[in-house]
Amino acid sequence: MLRFLSIATRMILCTAGAFALLFTFSYPDSIMPANPALDYVQGITYYDFKPIIWVVPFLFMELVSVAGPRRNLVWFTALLIAIGATLIAWPVLTANTPELVYPTFEYEDGKLAQGIIYMFCMLLFTLFTRKMVFRFLYPPQNTDESDINNVDAAVLDPAKGLTVREIIENPKKANPHFLFGEADHERLSTFGAILRRLRRLGNIRTAAWVTLILLIALWFFLYPQPNAEQALQRDFKTMYQYHKHTPGHTIATFPAVHAAYRVMKHISDTEALAGMSKAEAEKFLHLDKVSPAYRAQLRDESDISVASVDDIFDSRTRFLTVTDGKRMAVLYIRTAEDGDTINIAEVQDAGWNAKADDIRRRFGTASSRGYYY
């Protein structure tokens with residue numbers, strides 16, 4: 001009983017470590033956000049350890065697995081549970097919150113798309129270093145050594161050795177003595193039934209594993225995914241979700257900012273607002289379905305400081321701003337002479353990666369002042 005509790009407890013802890021390992025592979029920027037100030041710090045900083053932060057949960061899994069019996073059963077089961085759960089959640093996340101699966105920006109971390117690849121690499125590496133997983137999941141049972149092949153040391157004493165002639169003159173013939181007589185057919189029948197039952201159980205276990213893998217594969221590939229129009233409507237619905245942060249101040253949810261950027265990127269790429277009036281654009285953006293107080297905050301056109309760009313001498317107008325207090329997606333517009341007809345819509349992001357924002361801001365400032373000409 002204590003052995004079972006030890007294995008179960010360690011398996012739970014090791015599974016938690018496996019999910020932590022997946023998190024470090026998938027979202028390292030969430031653990032160590034980019035900091036441009038560290039570029040000017042001499043010597044080693046904590047940010048230098050970012051590429052190897054996965055070592056921490058890896059060592060935790062190792063310590064937990066070696067703390068009791070069936071080390072490899074605990075290790076591989078935990079790793080396979082994390083991989084299996086990720087594959088099951090994958091199509092659901094892709095359909096509803098794709099920002100958790102794929103990076104929204106090229107400077108973001110790799111998300112689950114990167115993490116699951118690294119987890120498979122970790123599995124293959126562990127299999128390679130430990131030879132075969134099944135050998136460790138189902139190790140052979142220890143058996144007592146037999147005395148059948150043991151030889152007394154006195155028999156091998158050179159002083160008692162015989163010459164070839166002596167051996168020929170005094171041959172010793174073995175007299176075999178069998179310990180059984182006629183075959184016990186009832187016992188043989190029982191033993192055969194046991195073997196057939198073990199084979200049947202093995203086949204059932206194999207069929208269960210194959211069925212489980214097949215079901216996961218079918219779920220992964222056949223789960224319905226939204227098309228482009230459905231994804232756009234999903235993002236319209238998500239982008240206006242918000243929290244009451246403080247009295248009089250409202251912030252968007254994390255998925256809402258991602259959804260807002262995808263909507264704005266679509267509008268910018270397809271020029272969806274070209275030729276529309278501001279009122280028509282608001283209707284296109286479903287702003288008529290947003291509460292008046294939050295709509296006023298979203299439609300605020302006053303100048304703000306955007307970390308990724310210097311807009312002091314820019315002629316564009318801030319039309320829609322969605323932010324969670326840290327990350328920001330802003331839709332700018334450029335209008336015709338009448339000040340109402342939209343000619344161009346542009347999207348600007350900020351707050352997702354401080355280092356990327358700093359590089360883009362410095363590059364934009366240098367370009368506007370002609371430093372690169």
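When the stretch 324-334 is limited to residues that are touching a strand residue (DSSP E or B) at 6+ places or on another chain (Cβ under 6 Å) and either part of a loop (DSSP other than H, G, I, E, B) or in contact (Cβ under 8 Å) with a residue 24 or more places away in the chain (or both), the one that is surrounded by the fewest Cβ atoms within 10 Å (Cβ to Cβ) turns out to be G325. Applying a threshold of 9 Å to beta carbon distances and a minimum spacing of six or more residues, or different chains, the list of pairs starting in the stretch 340-356 at a residue that is buried (at least 17 other Cβ atoms within 10 Å of the Cβ) and ending at one that is part of a helix (DSSP H, G or I) and of a type in the set (S, T, N, Q) reads A345/S268; V347/S268.
Inspect the stretch 65-85 for any residue being over 18 Å from I116 (Cβ atoms) and free of Cβ contacts under 8 Å to residues at least 12 places away in the same chain and give the result as yes or no. Yes, the stretch 65-85 has at least one match.
I'd like the full set of residues that are open to solvent by 20 Å² or more (accessible area, probe 1.4 Å) and of a type outside the set (S, T, N, Q), limited to the stretch 111-121.
The answer is A113, I117, Y118, F120, C121.
Would it be correct to say that A95 is open to solvent by less than 40 Å² (accessible area, probe 1.4 Å), more than 21 Å from L127 (Cα to Cα) and of a type in the set (G, A, S)? Taking the combined requirement at face value, the residue satisfies it. Under the condition of being small (G, A, S), modelled with pLDDT of 90 or more and either farther than 27 Å from A113 by Cβ or open to solvent by 80 Å² or more (accessible area, probe 1.4 Å) (or both), the residues counted in the stretch 194-220 number 2.
Out of F49, F60, F25, which single residue is modelled with pLDDT of 95 or more and either under 11 Å from the mean Cα position of the chain (by Cα) or surrounded by fewer than 14 Cβ atoms within 10 Å (Cβ to Cβ) (or both)?
The conditions single out F25.
The set of residues from the stretch 345-368 being small (G, A, S) and either modelled with pLDDT under 85 or over 29 Å from the mean Cα position of the chain (by Cα) (or both) comprises A345, G364, A366, S367, S368.
Of all residues in the stretch 28-46, exactly one satisfies the criterion of being open to solvent by 90 Å² or more (accessible area, probe 1.4 Å) and modelled with pLDDT of 80 or more, namely I44. Scoring L73 on the criteria (1) within 27 Å of R10 (Cβ to Cβ); (2) exposed (fewer than 15 other Cβ atoms within 10 Å of the Cβ); (3) modelled with pLDDT under 90 leaves a single failure, condition (2).
The values are calculated or read from the model by the stated rules, or taken from the named source; none is laboratory data. Here the structure is a predicted model, which means the values were calculated and not measured. Positions of Cβ are backbone-derived with ideal geometry, glycine not excepted, and every protein chain shown enters the neighbour counts. Side chains included, ligands, DNA and RNA excluded: accessible areas come from the protein's heavy atoms. Shrake-Rupley method; radii C 1.70, N 1.55, O 1.52, S 1.80 Å.
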